Structures are given as structure tokens and as C-alpha cells.
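Note sheet for the following structure.
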Amino acid sequence: MTGPDPVSLWHRLADTCVLLDGFHALKHAVRFGAEVPVAVAVDRGAALALADELAPDVRNILDGLLTQVPESAYASLVPRPHPTGVAALAVRPSRAAQLEKLAHTPRTAPVVVLDNPRNLGNAGAVIRLAAGFGVTGVVTTGTLDPWHPTVVRGGAGLHFATAVERLTVAGLPPGPVFALDPEGDDIRGVKLPDDAVLAFGSERSGLSPELRARAGHLVALPMRPQVSSYNLATSVAMTLYHWSLGGS
């Protein structure tokens, strides 16, 4: 007995699900418990060979999920074909569940806040970093949707490894707010607690007045004079690494 046609199922679910673009996004999403109602591959055997090599822990799950489809059908489902020829749809975690994770205290890892970010790829890179460091979640303020397909692509499917939501500054999770700012105290002399809310300004304009007013601490990354700024993901990586060291 065969299941539903994967292309028809895809079209039925596409507007309400999250696009997992490529093998690595699917691998990570499955690894962290995503519900995947449909997954396709141009070459199912090649995709499973990748799983044997790179993700043997989820190989059997992928074997049960992946359906081979013609290349033309696959190309019609995605904005641009991925080199691995794999794509899937995942159910987005409920907002209520995400907010509960973000609000839960005590926390054992910080929440990262991107204050009015502009670049979708940067946001995805930050979520990938946050997942790697095991942070509680990533929050964006402003208009950028942190679940936009380009953000999910940049995050390599690791949205499912941490809580990801968009909130107002007034609605940020509890905890002491440490905001990155060139005028702040050198971060090397500051201990970042596990329940910190680590806030990063937008790539162009920095911290919003609302976020700056909410911050209890301004901290600065070490930077050579005449260098204007770091990439957003680099700033987050440096800050999370400092937190992970556990001391000032």
C-alpha cells in the first residue's frame, strides 16, 4: 500500500509548514525532534548514503521519510535547488510552547536577542551558533520573521534545537539584559550569568532606544581602533564563547 503522493501533500502543507532546504537542514531538524510530514529527494540512494556518512544516528528515520521524485518535480517545490537535491516540510513548533521555554526560570543558558535585525542570512547564522552553544533561545524584535525560509536555510535546520520567536522589547524573557555597545564595559572584565538576556543591535543602526533603555549592562567586544564593527554572527559567537568560559 502506497502513501499519498508527496508532491500533492507538499502543496497542501507548504503554506503552514517550515521549508527544510537541503540534506543538512533535514538532518538537524530530525535530530532535534521536528515533525516532518513530507520529505523528498532527487536521488534517494545518494541521500541515504550521505546519512550513512554524516548522520548515522538518524539514518533509519530518514529512510522512512524520504521519497524519490523526478528532478523537475523537486525543482517545482523549492525556490532554488539545493546541491544535495533534498527538501522537506516540517511542522513549526507552537508559539505557546516556544514562549514557555523562553520564559521558564531558572535558566541554565542565555537567551540571545537580535534587536531589529535586517539581514536574513545573518539571523540564520546566529540561530545556528546559538544551537551549537546550547542557548535557551533566539528572539528577534522588529519586522524580520525568524522563521523565514532564508533564515531557516542559514540556520541549517537548527531552529528545532532552540526556541526561536519574534517578540517586542517589552515582551522579552526575564533576566538581566546585557546589551552589546561600543561604549560599554570591556566584556573581558564582565561575567555573563546563565540567565542573561544578550542583546545585539541591528547591523546598520545598533541598539534601538527601547532596548538600550531596557538594558541593565552595556558591554563591548575588544576591537582594534579604526575597525568600525564586527559581523553580527561574529559578535554573537564572541559573546557566547565568553559566556561559555564561565568567568570574567
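The values are calculated or read from the model by the stated rules, or taken from the named source; none is laboratory data. If you're wondering where the values come from, they're calculated on a predicted model, not measured in any experiment. Ideal geometry is used to build each Cβ from the backbone, glycine not excepted, and the neighbour counts take in all protein chains shown. Protein only, heavy atoms only, side chains kept; ligands, DNA and RNA dropped before computing areas. Shrake-Rupley method; radii C 1.70, N 1.55, O 1.52, S 1.80 Å.
Odds and ends about this structure:
- Count of region 195-206 residues which are surrounded by 12 or more Cβ atoms within 10 Å (Cβ to Cβ) and either in contact with a helix residue (DSSP H, G or I) (Cβ under 8 Å, 6 or more places away or on another chain) or among the small types (G, A, S) (or both): 8
- Residues of region 117-125 include at least one that is open to solvent by 40 Å² or more (accessible area, probe 1.4 Å) and touching a strand residue (DSSP E or B) at 6+ places or on another chain (Cβ under 8 Å).
- Hits in region 67-81 - residues which are touching a residue at least 40 places away in the same chain (Cβ under 8 Å), open to solvent by less than 40 Å² (accessible area, probe 1.4 Å) and not small (G, A, S): V69, L77, V78
Quick grid of which residues meet (1) of a type in the set (S, T, N, Q); (2) open to solvent by less than 40 Å² (accessible area, probe 1.4 Å); (3) assigned to a loop (DSSP other than H, G, I, E, B):
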position: V152; (1), (2), (3): no, yes, no
position: V164; (1), (2), (3): no, yes, no
position: A170; (1), (2), (3): no, no, yes
position: P173; (1), (2), (3): no, yes, yes
position: A179; (1), (2), (3): no, yes, no
position: P182; (1), (2), (3): no, no, no
position: R188; (1), (2), (3): no, no, no
position: S228; (1), (2), (3): yes, no, yes
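- Out of L26, L99, L19, L120, sole residue that is within 24 Å of V138 (Cβ to Cβ) and either touching a Pro at 6+ places or on another chain (Cβ under 6 Å) or of a type in the set (K, R) (or both): L19
- A156 vs. criteria open to solvent by 30 Å² or more (accessible area, probe 1.4 Å), touching a Lys or Arg at 6+ places or on another chain (Cβ under 9 Å) and farther than 22 Å from G206 by Cα: no
- The one condition from (1) under 16 Å from S235 (Cβ atoms); (2) open to solvent by 30 Å² or more (accessible area, probe 1.4 Å) that P209 does not meet is (1).
- Scanning region 129-150 for residues being closer than 14 Å to A199 by Cβ, surrounded by fewer than 23 Cβ atoms within 10 Å (Cβ to Cβ) and among the β-branched types (V, I, T) gives a total of 1.
- For beta carbons closer than 6 Å, sequence separation of 6+ or different chains, a first residue in region 116-143 that is of a type in the set (G, A, S) and part of a helix (DSSP H, G or I) and a second that is at pLDDT 95 or above and open to solvent by 30 Å² or more (accessible area, probe 1.4 Å), the qualifying pairs are A131/A161.
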